[in-house]
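This report refers to the structure that appears directly beneath it.
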Amino acid sequence: MTGYIFRRILQAIPVFLGTTFLIYFMVFAMPGDPLLALFGDRTPNPAVLAQLRAQYHLDQPFIVQYLIYMGGLLRGDFGISFSGEPVTEILARTFPVTIRLAIMALIFETILGIAVGLISGLRKGKLFDASSLVVSLILISLPIFVIAFVAQYVFGVWLGVARTTVSSTAPIPELIMPALVLASVAFAQIVRLTRASVIETTTLDFVRTAYSKGLRTRRVVPVHILRNSLIPVVTYLGTDFGVLLVGATITEGIFNVPGVGNALYQAIIRGEGPTVVSFVTVMVLIYLVVNLLVDLLYGLLDPRIRYVK
Amino acid sequence: MRIKRLGVAAIALAAASALTLSGCASGGSNDTAATTKADSTAIITANGSEPQNPLIPTNTNETGGGKILDSIFAGLVYYDEKGAPHNDVAESITTDDNITYTVKIKPGQKFTNGEPVTANSFVDAWNYGALLSNAQLSSYFFEDIEGFSYDKDSKLTGLKVVDDNTFTIKLKSALADFPLRLGYSAFYPLPASAFDDMKAFGENPVGNGPYKLAGDGAWKHNAKIDLVVNPDYDGGRKAKNGGLTFVFYADQGAAYSDLLGGNLDVLDALPDSAFGTYKSDLGDRAVNQPAAIFQSFTIPSDTSNYSNPDAFKHFVGEEGQLRRQALSMAINRPEITKVIFQDTRTPASDFTSPVIDGWSDSLEGADVLKFNPDKAKELWAQADKISPWSGSFKIAYNADGGHQGWVDAVCNSIKNVLNIDAAGKPYPTFAEARTLITDRKIETAFRTGWQADYPGLFNFLGPLYATNAGSNDGDYSNPEFDALLKKGSSESDLDAANADFQKAQEILLKDLPAIPLWYSNVTGGYGEKVQDVHFGWNSVPLYYEITKS
């Protein structure tokens, strides 16, 4: 087990180096000079522009810029944004907000999704099943910004029961609505996955055996059916958690959540290379860790999956 | 059963966190209350955007940082709602020849750290802003002062401190509207402590304006900035409220929802999506008035610096002039501003803006900006006789700025009237479009726009169309135009100067170095709880006048 984890961590190193290089290259190759955009419609004097270029090392060839950046990264220096704020501070400020939002969304979608999916699966073809299928179909087919705008208008403006946007400290009560919106799509997917998986498991021999041993439904459903139906759901949740953690740009924009998605979006718009690369680097790390955790979780759910050596 | 129990747990969890967090929040508001005067505690919340640069006056050239700086600094003069200058820190600004100005400042004024505001506070700040190696975004504001150089670091020798409250400014050449410029943020003073560590200063700026930062770290990056009233400020912009909070929005739609939801008091930019509904949503709290923003598209005049001069071969000489006029008359401006912009733009009748003193809608030759399909066809046919038209007409724009709608409409208007192929040419980002324009590598007409820095006609003309001017993207050059600008700048009287600038514009209306389209309005609104909301000439609300009940 430890050997397995150690190998996975070693594998992460080339992935990490490769992605930073690729992202840095892509930001570098973006057409247009981000410094020119700083001046708006006004054309700056070439001398001032040259000074600024030197300040951000933008006058150096790509490989030199990349090495300067990586050198800083190894010393824990992620560079400075155009507004003069160290990128480490931006990361430290935005990630907790996004993590909070992601965990909340994950809790909502997991609990609600599995519960509804389980009931649907057990009562296949009944009214509850049919209506949950319709609801999940609607949620999957609606783009997330539609759900977000409708929720914002109905609960924020019209009914006035929730704040329309999230304030700067992003307290948990204000994050409930954005988290529910974020969770909605994954919720629908999880309902469908759980339902299909439960239906399949229910027909398997060991479930019949369990019933014929005289076990009660109360025991068979959670221990025999649910546990064995969860593998595909966990895989999905793992990837989805990764996606949630790296920031939901659209949802964060609509609810003005001061999180990763929002910050990254603005950095991309401004062409701030170091900020973009640093964000993506951290995201890659998170993705790697979450994937590792998911793989380890399989072993807990299904003892047949073992990681040898 | 299971669901129910989980539901209860979730509610309990939410409730628990609500308690902890509301504890936090009330702690925060206590802090603010402590630094605010007891009699006026209403904090106005307004929309903003994360400043692109540290909050240093000479390094801020966009509205996000600009409206914060205007609130926490006081310059020699300030502009009122109409754009007329009034003395703020200055007691008097005098000149005999429009070249040497003597500035006297009111004695006894202080920065919020207790330092006195002296002649040196201005002279040192301007020298810092002008120094080449400081690479300040607004350094060009000092280029007319003697000693300024783009080639090497050089002191502004034109600035001389006479005594603590007096200094003189010597310009390179006569500029009648120089005092008018002094209200722009680049000319704000800085306390001596700023120069010890400009980076730290930009994070926690210390000013002398109607407001000040609510303590260190009041700037919560990408989220908001809290300002409280500066009790020591004694100029004409004394705050009538207890403070200002600028909430930064990445998306204007979120700001608009907050205005409707009651979380935001003042909004100074509507999202495009609200154009159709904002009047019914806000009633008489909706704002839609012209602003100092001019929109146009430019067809290069002198193509010798362009990488592909051939692309503009139909737009030079007499043929070019005819075609420019034909294109201009082929655009149905009133219809486009009505249909595409829901009347949030005003069709242009000159090259400046209606909020600027000296603007006129009856300049000689302004007919060229009126929709006139017959005349347009006629002129186009005349041009075809000189050299027949070939190819298609394209307008380049950046796709990240919401320009597609009007570019398509303008091109359709041209296509329908002139029977030629016309279309927009989008570039993904603003940076890419600007780089092609700056490098003269663009091969089509391109979108151009101008937002005034100070309320003067010259600001719309000199930087854009004077020979070799910084933002003269179409390389336009006309000695007659240059001469009129120069004449206007040396007039001792602003009205005489404006008359010269109007004459200069009449030349532009013939040559059409850029084709004027419309003036952008400032669109916004305010909440039910605030009163006395007025939007200034520069589209920014006069925050200090707002009261809240």
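Throughout, read-outs are computed from the coordinates displayed, never taken from laboratory work. A quick note: this is a predicted structure, and the numbers were derived from the prediction, not measured. Neighbour counts run over all protein chains shown; Cβ positions are idealised from the backbone, glycine included.
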Worksheet item: Based only on Cα atoms, what Rg/Rh ratio does region B:121-239 have, Rh being taken as Kirkwood's radius?
Response: 0.99
Worksheet entry | Semi-axes of the equivalent ellipsoid for chain A, Cα gyration tensor, largest first, Å | 45, 26, 14
Item to complete: Return, ordered by residue number, the residues of region B:228-250 whose backbone nitrogen is under 15 Å from a label point located 7 Å along Cα→Cβ of B:K110.
Response: B:230-235
Item to complete: Go through A:I147, A:A188, A:T164 and say which Cα lies farthest out towards the positive end of the charge dipole of region A:88-270; charges sit on Cβ, +1 for Lys and Arg, -1 for Asp and Glu.
Response: A:A188
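Kindly put A:T249, A:T203, B:T277 in sequence by how many other C-beta atoms sit within 10 Å of each C-beta, fewest to most. Walk me through the numbers before you get to the answer.
Working: A:T249 19, A:T203 8, B:T277 13.
The fewest-first ordering by Cβ neighbours comes to A:T203, B:T277, A:T249.
For B:51-63, what's the mean count of beta carbons from other chains sitting within 10 Å of each residue's beta carbon?
Taking the mean over all residues of the peptide, I get 3.
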Response to the item:
Scoring only Lys, Arg, Asp and Glu (+1, +1, -1, -1) among other residues with Cβ under 13 Å from the Cβ of B:L131 yields -2
Practice prompt. Return the subset of B:K106/B:K199; B:K313/B:K394; B:K82/B:K486 for which the Cα-Cα distance in this structure is over 18 Å, preserving the input order.
Written response: B:K106/B:K199; B:K82/B:K486
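With the cut-off at 20 Å, report for region A:139-233 the share of all Cα pairs above it, as a whole percent. All intermediate terms of the calculation are to be shown ahead of the outcome.
On the way: 2496 of 4465 pairs.
Value for region A:139-233: 56 percent of Cα pairs lie more than 20 Å apart.
Quick check on region B:293-520: take the gyration tensor over C-alpha atoms, sort the square-rooted eigenvalues as a ≥ b ≥ c, and tell me if it's rounded (a/c under 1.5), prolate or oblate. Intermediate results must be reported in sequence, preceding the final value.
On the way: a/c = 1.36, a/b = 1.32, b/c = 1.03.
Rounded, because the longest to shortest axis ratio a/c is under 1.5.
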Fill in: Highest average packing first - A:156-169, B:428-441, Cβ atoms within 10 Å
B:428-441, A:156-169
Item to complete: Specify the inter-centroid distance of region B:266-333 and region A:48-76, based on alpha-carbon positions, in whole Å.
Response: 37
Worksheet item: Rounded to the nearest 5, what % of the DSSP beta bridges within region B:293-520 are antiparallel ones?
Response: 65
Worksheet item: Over all residues in B:214-223, what is the mean tally of Cβ atoms on other chains that come within 10 Å of each residue's Cβ?
Response: 4
Worksheet item: With the radius of gyration and the Kirkwood radius both derived from the Cα set of chain B, what is their ratio Rg to Rh?
Response: 1.01
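When the helices in the protein assembly as shown are scored as -39500 (n - 2.57) per DSSP H run of 4 or longer and the sum is shared across all residues, what 222 nm value do you end up with, to the nearest 500 deg cm²/dmol? Kindly include the intermediate steps, with their values, before the conclusion.
On the way: 28 runs with 397 residues, N = 858.
After summing the helix terms and dividing by the residues of the protein assembly as shown, the value is -15000 deg cm²/dmol.
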Worksheet item: What's the center-to-center distance, using Cα atoms, between region B:49-99 and region A:274-299 in Å?
Response: 47
Worksheet item: Taking +1 at the Cβ of each Lys and Arg and -1 at the Cβ of each Asp and Glu, which of B:A130, B:A42, B:V162 sits farthest along the dipole of the protein assembly as shown towards its positive end, judged by Cα position relative to the Cα centre?
Response: B:A42
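Where nothing but the Cβ of Lys and Arg (+1) and of Asp and Glu (-1) is charged, how large is the charge dipole of the protein assembly as shown around its Cα centre, in debye to the nearest 20?
Value, rounded to 20: 5240 debye.
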Worksheet item: Per-residue HN-Hα couplings for region B:533-549, Karplus 6.51 cos²θ - 1.76 cosθ + 1.60 at θ = phi - 60°, whole Hz, x for Gly and Pro?
Response: 8, 10, 9, x, 4, 9, 6, 9, x, 7, 4, 5, 8, 6, 10, 10, 10
Worksheet item: Each residue of region B:73-82 in turn: what ³J(HN,Hα) in whole Hz from Karplus with 6.51, -1.76, 1.60 and θ = phi - 60°, glycine and Pro shown as x?
Response: 10, 10, x, 5, 10, 10, 9, 8, 3, 8
Worksheet item: Across peptide B:245-257, how many C-beta atoms of other chains are within 10 Å of each residue C-beta, on average?
Response: 6
Worksheet, complete the sentence: In the protein assembly as shown the DSSP beta bridges are antiparallel at a rate, in percent to nearest 5, of 80
Response to the item:
Per 10 angstrom bin, beginning at 0 and ending with the bin that holds the maximum distance, the Cα pairs of region A:88-270 fall in percents of 10, 32, 29, 18, 9, 2, 0
Worksheet item: Restricting attention to the alpha-carbon atoms of the protein assembly as shown, what are Rg (one decimal) and Dmax (integer), both in Å?
Response: 30.8, 108
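Place a +1 charge on the Cβ of each Lys and Arg in chain A and a -1 charge on the Cβ of each Asp and Glu, then give the dipole magnitude about the Cα centre in debye, rounded to the nearest 20.
Values: 23 positive and 16 negative charges, 329 e Å.
Computed charge dipole of chain A: roughly 1580 debye.
Mind jotting down a quarter of the surface of the convex hull over the alpha carbons of region A:14-117, in square nanometres, one decimal?
Details: hull surface 41.6 nm².
The orientation-averaged projected area of the Cα hull of region A:14-117 comes to 10.4 nm².
Quote the charge dipole size of region A:88-270 about the Cα centre in Debye, to the nearest 20; the model charges only the Cβ of Lys and Arg (+1) and of Asp and Glu (-1). Let's see the in-between values first.
Values: 15 positive and 8 negative charges, 156 e Å.
With only Lys, Arg, Asp and Glu charged at Cβ, the dipole is about 760 debye.
Based on the Cα atoms of region A:196-283, what semi-axes does the equivalent ellipsoid have, where each is the square root of 5 times one gyration tensor eigenvalue, given in whole Å with the largest first? Intermediate results must be reported in sequence, preceding the final value.
On the way: eigenvalues 437, 29, 15 Å².
Semi-axis lengths for region A:196-283 are 47, 12, 9 Å.
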Worksheet, complete the sentence: Karplus ³J(HN,Hα) for region B:353-360 (6.51 cos²θ - 1.76 cosθ + 1.60, θ = phi - 60°; Hz, whole; x = Gly/Pro) runs 7, x, 7, 9, 4, x, 5, 9
Response to the item:
Quick numbers on region B:231-323, Rg and Dmax over C-alpha atoms in Å, give 22.9, 63
Worksheet item: For region A:2-74, what number results from the quotient of the Cα radius of gyration and 2.2 N^0.38 Å?
Response: 1.56
Worksheet entry | Histogram of C-alpha separations across region B:367-490, 5 Å bin width, % | 2, 9, 14, 16, 18, 19, 15, 6, 1, 0
